[in-house]
Every structure is written in C-alpha cells, then in structure tokens.
Amino acid sequence: MRIVVIGSGYVGLVSATCFAEMGHHVVCVDRDAERIARLRDGEVPIHEPGLEPLLLRNHQQGRLHFAQTLRPVLTNIDLCFIAVGTPSAPDGSADTSQVLAVAEELGRWLPQRCVVVNKSTAPVGTAERIERTIARGLTQREAGFTVPVVSNPEFLREGCAVEDFMRPDRVIIGCADDQARQTMEALYAPFLRKQPRLMVMGRREAEMSKYAANAMLATRISFMNEMASLCEQLGVDIEKVRLGVGSDSRIGYDFLYAGCGYGGSCFPKDVRALIHTAQRHGLPSHILQAVEERNTIQKAGLFVKLQQQLGALDGRTIAVWGLAFKPGTDDVREAPALQLIASLLEAGAVVQAHDPVATASVLRCVPAHWLTSGQLVLHAQDPYAVLDDADALVIPTEWKPFRQPDWQRVRGLLRQPVVIDGRNLYDPAQMQALGFHYSSFGRPSVT
Ligand code: NAD
C-alpha cells in the first residue's frame, strides 16, 4: 500500500517505520523543517530502542521517505495516518487544533479517495469532526468523492515502542465504512500473526477505549501511591504489599509500583482531558480528580523528602540521576525530575543532573537562564560526575545503570550520605548498612 503518516514524533515515526518494514511505501510528513532535514540525513530525532537501524534500512531501501509539505505526497495514496500532538489546553481539555488543521489540509488537497486514519489520542467525536472537516473541503472544490475516517488509537509505550508496534496486544479499529475496515484489516494482518486480536468497533468506542485505558493505568499508579503513603505511616513496606496484591490473578503485577508519580506525554494530559469531558457533560469525576491530585502530591514528594533529610535547601547542591519521565526514552514532558529541579532552583539550590539520553531534550525545554546562571548543570556521560560535592542524590528515573551503582564511590563523592529514591530501587536495610540516610516511597526511611 502507499501510506502517508502526518506527524513524525514518537507515534508517527515508529508507525511509519514499522509499516515500511512490512513492505509498504511510506512517506512521513512533519511541518518541522529541521526534523525532516535530520531524518533525510539519516539522523533519528528521538531516542527509541531499535528504531534507528530499522528506520535507516527502510530509508536506504527506498520504502520510507520524509517530506515537509503534504500536498505533493497525497497523490495515489491508499491510507493517510494522522499522528500529530493533542496537548492539554489551559482548561485541561485536549487541544485538537493540530488534528483539525491537518483535516483542513486534507480537504483542500486530497486528489482522490483514500482512508484517513486518526492515531492521535483525541476526544470522543473527533473522527467524525475530521470526516466533516474533510468533506467540507471536498464539497467546496466539487471533488466528486468522499473520504472515510477511521479511529485507530495507538497503545505503544515509549521505550519499547517498536516492539509494541510490531507485536501489539491488540489493534482497535473504530470504523463506520466497510471498505475502510477491510483496508485496515489487511494493513494490520502481518502485525497480528501471533496474537490475532483486531477489534472492530464504532469510532466513538475506539476513542473512548484509549482514554479509559490510560485513565485505568494512571489510577492503578495513584492507587498504589495512596497505599504507599499509608504504609509509610504504619511502618509497612509497600514492596511486600505490592507482591501480595499483584499475585492475585484478578489484579496482576503491572502498574503497581509506588514512587514519585507518573509523567510523560500521555497519562497526565489524557486524565485531564477525560475530567474535562466529564465536566462538560455535567458529571463529577471523583476518581479521576483524586488520581490527578494524588499524582501531584507524589511528584512534590521528592522535594519534601529532601527537605526532611536536609532542612532548608538554599545553597545546597543536589545531584539528580534520571531526567526522562521513564527509562528507555528521551521524552521529558511532565517528568517528575523537571518539577523537582524547578522547585530546587526556586529554593536556591544548585542542581547537577545526569541522564543517559535525555539531557538534549532538557536543554530544549528549560528556561535558558537555569543553565547560563550555572544553577543547573547537565552531564550526559558520567553519572558519578554529578555527585561531586553534592549534599544528596535524588533518583527520579529507574534507568538500568542506576540499579547497582558503586555505593562506595557514591559515598566518597557525596558531601553528605543522603539518597532519595523515587522508584524504590534499593533495599532500605542494605542502604542503612552502607551508611546512607535513605528515603523511598511507601517504606520506612532509614538513617
Ligand atoms: P510528538 O509531539 O512527539 O509528535 C507530533 C509531531 O507532529 C511533531 O513532530 C509536530 O511537528 C508534528 N505536527 C504537528 N502538526 C503538524 C502538521 N499540521 N503537519 C505535519 N506535522 C505536524 O507527539 P507523539 O508523542 O508522537 O504523540 C502523537 C499523538 O499520539 C498524541 O495525540 C498522543 O497523545 C498520542 N499517543 C502518544 C503516545 C506516546 O507514547 N508518545 C502513545 C500513544 C498515543
């Protein structure tokens, strides 16, 4: 098939590459000229394990192309995917302006019928809005054909996106057109050879499934974080409780980890969007409000625990290991580490931070004066370099190299043996034996 993917971020680039890998002819479009130039030069602009070799091979073999403008690449295509951003608007709703702008362009330029597929996470009714927007453009220029719009929410996880896309748990197709359904079934058949779980449903059900799935996962995390804070008060170890709870086959172990809260480009904004939708329909959303509030408390928890260990933070130097919102990605959107750094700088501390892949993303999104003033120092290479003369080490992201550090070396470099563990990576008794003042989430602090 001939496919266009609009938006070459985490979702668009991975989808486009994986479709090309299955033999299709794919053009990936992005309005960001620099991003397209880098891709054409063989440089992959995001960190996603396994993506680079796959993308480069398909580009070199002529199945994967990159373009900045949409109009020239729309001729004779079978499918057009929309994978642009749907960030939070100031009122918490999902801002669908990027999606609808693409729909306007498609209405203006599509030269023939094709199936348009929305992969962006967008509120119930968006596929219908896209279809109406395109239809308006087609009518205005008397195009003489119609364009069906499918909702195909994406469930990949950053950090294992290629693996998830190649072997999805399920593919959801929200569809109101039989021919479009057949095209989608044919497209996804090779991805579902082992696990033939393709679900066809209404477009509104597909859109709601994505929000409900993310809200459920965020709820599990916030629920465990609430249990963790109770455990701290009761002198109970949440990690033991997690094993006890997760072993129930009705519950399972996934998304039961207590810690410094969830971040990223999906859970926070999708929970907010769902709350907003409920409010617009006059419904209270007790559970989702609580999920969000609990997460706000957790993210502030790193700072609070530091204060408990060190007192006033003015003039302190704090080492941070991990800036990405989770391991395996360079995405720092709504990352707990960034909130911690903002609070520390406001309190007058200096931050020395390391992340194996996300320092470049941080450079792009933090105020320049944080760096020029010397208040924030970033090290991409060596985690130990940031420990020099620091009063404490904080770990917001559970990158694998942080799991078994050289604790003697850590102790030797830190000015004070204080460790705040945002992901419960270490054994409190062992940390105590090594001479650290150690705080984590949902477990007793040790000194
Ligand atoms: P992203 O911000 O990484 O990428 C979006 C890209 O779209 C950007 O490069 C931007 O320049 C481009 N773009 C915006 N408007 C455009 C236009 N008119 N023409 C061409 N390009 C345009 O976003 P993402 O993380 O890939 O997410 C995309 C969507 O998928 C969102 O709705 C998100 O909620 C959803 N989603 C994301 C993930 C994830 O893990 N990142 C997972 C599932 C679903």
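Applying the selection to segment 207-250, what residues are over 22 Å from Pro268 (Cβ atoms) and either in the same structural domain as Thr96 (by TED's automatic domain parsing) or crowded, with 17+ Cβ neighbours inside 10 Å (or both)?
So in segment 207-250, the residues over 22 Å from Pro268 (Cβ atoms) come out as 230-250.
Passing the criteria: Cys231, Glu232, Asp237, Ile238, Glu239, Val241, Arg242.
Could you tell me whether Ala186 is over 25 Å from Tyr10 (Cβ atoms) and surrounded by 17 or more Cβ atoms within 10 Å (Cβ to Cβ)?
Numbers: over 25 Å from Tyr10 (Cβ atoms): yes; surrounded by 17 or more Cβ atoms within 10 Å (Cβ to Cβ): no.
Against the criterion (over 25 Å from Tyr10 (Cβ atoms) and surrounded by 17 or more Cβ atoms within 10 Å (Cβ to Cβ)), Ala186 does not qualify.
Within segment 293-307, identify whether any single residue is acidic (Asp, Glu), more than 24 Å from Ile341 (Cα to Cα) and assigned to a helix (DSSP H, G or I), and answer yes or no.
Initial filter on segment 293-307 (acidic (Asp, Glu)): 293.
Those left that are additionally more than 24 Å from Ile341 (Cα to Cα): none.
So far as segment 293-307 goes, no, none of its residues is acidic (Asp, Glu), more than 24 Å from Ile341 (Cα to Cα) and assigned to a helix (DSSP H, G or I).
Consider segment 97-118. How many of its residues are among the polar types (S, T, N, Q) and either under 21 Å from Ser15 (Cα atoms) or modelled with pLDDT under 95 (or both)? Talk me through it step by step, then tell me what you get.
Quick first cut of segment 97-118, residues among the polar types (S, T, N, Q) only: 97-98, 112, 118.
Adding the requirement that they be either under 21 Å from Ser15 (Cα atoms) or modelled with pLDDT under 95 (or both) leaves 98, 118.
Result for segment 97-118: 2.
Which of the residues belonging to segment 129-149 are not in a helix (DSSP H, G or I) and not polar (S, T, N, Q)? Break it down stepwise before answering.
To start, the set of residues in segment 129-149 that are not in a helix (DSSP H, G or I) comprises 141-149.
The answer is Arg141, Glu142, Ala143, Gly144, Phe145, Val147, Pro148, Val149.
Conditions (1) more than 25 Å from Glu48 (Cα to Cα); (2) more than 16 Å from the ligand (Cβ to nearest atom); (3) not in a helix (DSSP H, G or I), marked per residue:
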| residue | (1), (2), (3) |
| --- | --- |
| Asp314 | yes, yes, yes |
| Ala319 | yes, yes, yes |
| Leu323 | no, yes, yes |
| Val332 | no, no, yes |
| Ile341 | no, yes, no |
| His369 | yes, yes, no |
| Val394 | no, yes, yes |
| Glu398 | no, yes, yes |
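Filter segment 150-187 down to residues that are assigned to a helix (DSSP H, G or I) and away from the ligand (no atom under 16 Å from the Cβ), then give me how many there are.
Going through segment 150-187, the residues assigned to a helix (DSSP H, G or I) turn out to be 161-166, 178-187.
So of that shortlist, the ones also away from the ligand (no atom under 16 Å from the Cβ) come out as 178-187.
So the count comes out to 10.
Cβ-Cβ distance below 9 Å, separation of 6 or more or different chains: which pairs start in segment 189-205 with a residue that is farther than 16 Å from Val117 by Cβ and end on one that is exposed (fewer than 15 other Cβ atoms within 10 Å of the Cβ) and not basic (Lys, Arg)?
Close Cβ pairs satisfying both conditions: Pro190/Gly23; Gln195/Asp169; Pro196/Ala189; Arg197/Asp169.
So, Phe303, is that one crowded, with 21+ Cβ neighbours inside 10 Å, under 27 Å from Val446 (Cα atoms), outside the structural domain of Asp177 (by TED's automatic domain parsing) and among the aromatic types (Phe, Trp, Tyr) or not? Spell out how you get there, then give the answer.
On the way: crowded, with 21+ Cβ neighbours inside 10 Å: yes; under 27 Å from Val446 (Cα atoms): yes; outside the structural domain of Asp177 (by TED's automatic domain parsing): yes; among the aromatic types (Phe, Trp, Tyr): yes.
In short, yes.
The values are calculated or read from the model by the stated rules, or taken from the named source; none is laboratory data. Because the structure is predicted, anything quoted here is derived from the model rather than measured. All Cβ positions, even for glycine, are placed from backbone atoms using ideal geometry, and neighbour counts span all protein chains on display.
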